[in-house]
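All of the numbers you see were taken from the coordinates with simple rules; none came from a lab. Predicted, not measured: the structure shown is a model, and the values here were computed from it. Cβ placement follows ideal geometry from the backbone for every residue including glycine, while neighbour counts extend to all protein chains displayed.
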Amino acid sequence: MSNPVTFNHQLFSFFEMSPDFVCIAGKDGYFREVNPAVLKKFGYTIEELLSRPINSFIHPDDADHTSRERAGLLKGKTLHNLQNRYICKNGEIVWLEWTSIFLESNEIVFAIAKDITERKRIEAEAEEKYIEIKNLASHFKSHIEDDRKYFAYELHDELAQIAAAVKMNVFWIKENEQELSDANRKKINDVLGMTELLIQSIQRISFSIRPNMLDDLGLHDIVEWQCKEFTILNSIPCSFFGNFREEDLSKEMKIDFFRIIQEALSNVMNHAEAGSVSIRIDNMTDKIYLSIVDDGKGFDVNREMKPAGLLKMKQRSVSINGRLSIKSEPGKGTTVSVEVLK
């Protein structure tokens, strides 16, 4: 067997001026040779690098992952874009991205790495900024829900009670005034009917602003209730199937799922001309899945202007790390789905 270092001498000389890190390693897990860029970045002498196992330079959190990838490499699997961290002599940690190949006939690994430390720093900052913005959005959304809750209570407790008092007084007049003309009695009956409609409208608006049952009974019961109400008000059958436990979903997810369902049903009512609607929430192995399916007229998702409600649903989905999907064709109904990965 030829000497690995001799075998690769000419090839390695070609890379000596490369700013990338070029290494030759033995099957035993030791460096055999490295280019000047490696020595400059790591700060070790060539003797120090060649005398210690490569794993001793790897960050402890990446050692097991790197060992598994290296085992696959020695079985003939070429490594592409393997990312791990190395510890320099001065303690600095650098991120490297490797492409490696095992030359079985010579029992050596030929590897080239790029320094991606700056990229990782930018990615970490972007992730931190994303979390900050997401938390800020959640903060504002929580305040909006609290404001809705307050307004709903005021609407229900104040206006509904006033309307109920008006109804009681008008009813008293009807029952106790014997000399009312037929025309006046008809007016009173009209007022009673309108007052009852007013009370029902206040209750329905109050519920849509803040569904108290969501806090008291949970998402499953409130969606079932909403389906029944939708069916009664619109004469469009609406069914619900829930395959989840309440504890599977966070409070924020429950609120957003409820709001998405509200928007979807509003779109069905105003645009779809549907004969039926079905809603599902499933807790799968790797995700929580919500779908709202109608058999209405559908639309061309690539051409037609989407209702404003779809943008609201997308924003709700993004806020819980979900992905909104709209599938529709003219004459084939519409499916709105949200996937939230666990």
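Peptide packing: for 60-72, 237-249, the average count of neighbouring Cβ atoms within 10 Å per residue gives the ranking 237-249, 60-72, highest mean first. The packing ranking of peptides 101-111, 288-298, highest mean first, is 288-298, 101-111, where packing means the average number of other beta carbon atoms within 10 angstrom of each residue.
Seen through its C-alpha gyration tensor, with square-root eigenvalues sorted a ≥ b ≥ c, segment 216-342 comes out oblate because a/c lies at 1.5 or above while a/b is not bigger than b/c. A straight Cα-to-Cα reach below 30 Å connects K89 with the lysines K27, K40, K41, K114, K120, residues fewer than 8 places away in its own chain not being considered. With R₀ fixed at 22 Å, the C-beta to C-beta distance from N234 to E196 puts the FRET efficiency at about 0.65.
Across all Cα pairs in segment 4-115, the calculated P(r) in 10 Å bins from zero up to the longest distance comes to 14, 52, 32, 2 percent per bin. In this rough spin-label picture, where each label sits 7 Å from Cα along the Cβ direction, the D248-A71 distance is 3.4 nm. One chain, two ends: K297 and L311. Fully extended at 0.36 nm per residue, the span grows by 3.0 nm beyond their Cα-Cα distance. Segment 235-261 and segment 315-342 have their alpha-carbon centroids 14 Å apart. Taking 19 Å as the limit for the C-alpha separation, the pairs K254/K332; K167/K187; K251/K342; K228/K332; K77/K342 exceed it in the case of K254/K332; K228/K332; K77/K342.
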